[in-house]
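Worksheet: one structure, shown below.
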Amino acid sequence: MRNWFGFLLFVLAFPLLYGQTTVTKRYTTEDGLIANDVRALLLDSRGVLWIGSRAGLSVRQQGKIAIDNESLQYRYTNVTSIVEDQHQGIWIGSYGQGILYKGRKKTLLFNEKSGLFSTRINALFVSGRTLYIGTSEGICKIDIPTLEMEKYQ
């Protein structure tokens, strides 16, 4: 009887041992990344993984990694920060090239001509309808619906 009870306990506990493992996968340039030095990640509301690196922007959708064509078109590199707004727009900050906005209908590039203190973006943060931008020269904010920029001095 003891052996039977021990065997039953082992059979019930054995699957629990496998439940404690962590499945990992390593992605590199061989898998489609534009570069191996990843600096920013965002999993957006649609389940798309945005991967920013020194060489540009990659996107993982449906298990496949591809280089983002619009960021290639703008030669957008040195990605430092990626955030999503409430309208599913993606804001990508770069150290040296400003901000790339990828909305549903349009793609825009914000730089010093648009009103930024500097194109060296260190951090992005979305709160409600406002995007806060930390640059190497100061803080700016963009009202997301109107795309009006304001500088903090």
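The values are calculated or read from the model by the stated rules, or taken from the named source; none is laboratory data. Just so you know, these numbers come straight off a predicted model, no measurement behind them. Ideal geometry is used to build each Cβ from the backbone, glycine not excepted, and the neighbour counts take in all protein chains shown. The area values use the complete protein model at the heavy-atom level, side chains included, leaving out ligands, DNA and RNA. Shrake-Rupley method; radii C 1.70, N 1.55, O 1.52, S 1.80 Å.
Some notes on this structure:
- Test result for GLY89, out of contact with any His (no Cβ under 9 Å at 6 or more places or on another chain), open to solvent by less than 50 Å² (accessible area, probe 1.4 Å) and either closer than 16 Å to ASN122 by Cα or of a type in the set (A, V, I, L, M) (or both): no
- Residues considered: LEU116, LEU100, LEU109. Of these, the only one that is aliphatic (A, V, I, L, M) and over 21 Å from LEU72 (Cα atoms) is LEU116.
Results for (1) in a helix (DSSP H, G or I); (2) among the small types (Gly, Ala, Ser); (3) at pLDDT below 90, shown as yes or no for each residue.
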residue	(1), (2), (3)
PHE10	yes, no, yes
PRO15	yes, no, yes
GLU30	yes, no, yes
ALA40	no, yes, no
SER45	no, yes, no
GLY52	no, yes, no
LEU57	no, no, no
ALA66	no, yes, no
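- Each residue in the range 27-49 was checked for being in contact (Cβ under 8 Å) with a residue 40 or more places away in the chain and open to solvent by less than 20 Å² (accessible area, probe 1.4 Å), and 2 pass.
- Only one entry in THR24, THR77 is free of Cβ contacts under 8 Å to residues at least 24 places away in the same chain, among the β-branched types (Val, Ile, Thr) and open to solvent by less than 100 Å² (accessible area, probe 1.4 Å), namely THR77.
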